[in-house]
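The values are calculated or read from the model by the stated rules, or taken from the named source; none is laboratory data. Keep in mind the model is a prediction, meaning the values are calculated, not measured. For neighbour counting, all protein chains shown are included, and Cβ atoms are generated from backbone atoms with ideal geometry for every residue, glycine included. Side chains are part of the model used for accessible areas, which takes the heavy atoms of the whole protein and leaves out ligands, DNA and RNA. Shrake-Rupley method; radii C 1.70, N 1.55, O 1.52, S 1.80 Å.
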Amino acid sequence: MVAAEWDLQIQSENTVAKRGRSMSAGTQEQDQLVPQIPGFTLLERDALLVGSGGVGKTLAALGLSYQTAIGNPNVFDRADEIKPEALGATLWIGTDGGDGAY
């Protein structure tokens, strides 16, 4: 009745590609979360640093960006090296919590 009222088409076949996956579907390779900097960032995923003012978010972001660019394991006093194929550039978008935060 709702479909008829709103002129919605009900199809028996799905002709549209899925945009998500169901809980029963297996995990695809592109859905795997691969660490880039273990404990900090994931390969080819966004990272977001949130915290109060003055706690070091900008300094941490600079360190993560530096380590992502050159793979230096000494940035956070850790022995983790980034694999050469996982090195890359970063995009920093910062705000001081003013109008840009909204």
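Couple of notes before you dig in:
- Tally, over region 72-98, of residues that are outside any loop (DSSP other than H, G, I, E, B), exposed (fewer than 13 other Cβ atoms within 10 Å of the Cβ) and touching a residue at least 12 places away in the same chain (Cβ under 8 Å): 1
- The lone criterion from (1) over 15 Å from Leu91 (Cα atoms); (2) out of contact with any Asp or Glu (no Cβ under 6 Å at 6 or more places or on another chain) left unmet by Ser65 is number (1).
- Conditions (1) part of a helix (DSSP H, G or I); (2) at positive phi; number of the one not met by Ala69: (2)
- Among residues of region 42-56 that are within 15 Å of Leu87 (Cα to Cα), those with a beta-carbon under 8 Å from a residue that is assigned to a loop (DSSP other than H, G, I, E, B) and open to solvent by 100 Å² or more (accessible area, probe 1.4 Å) at least six positions away or on a different chain give the pairs Leu42/Leu33; Arg45/Leu33.
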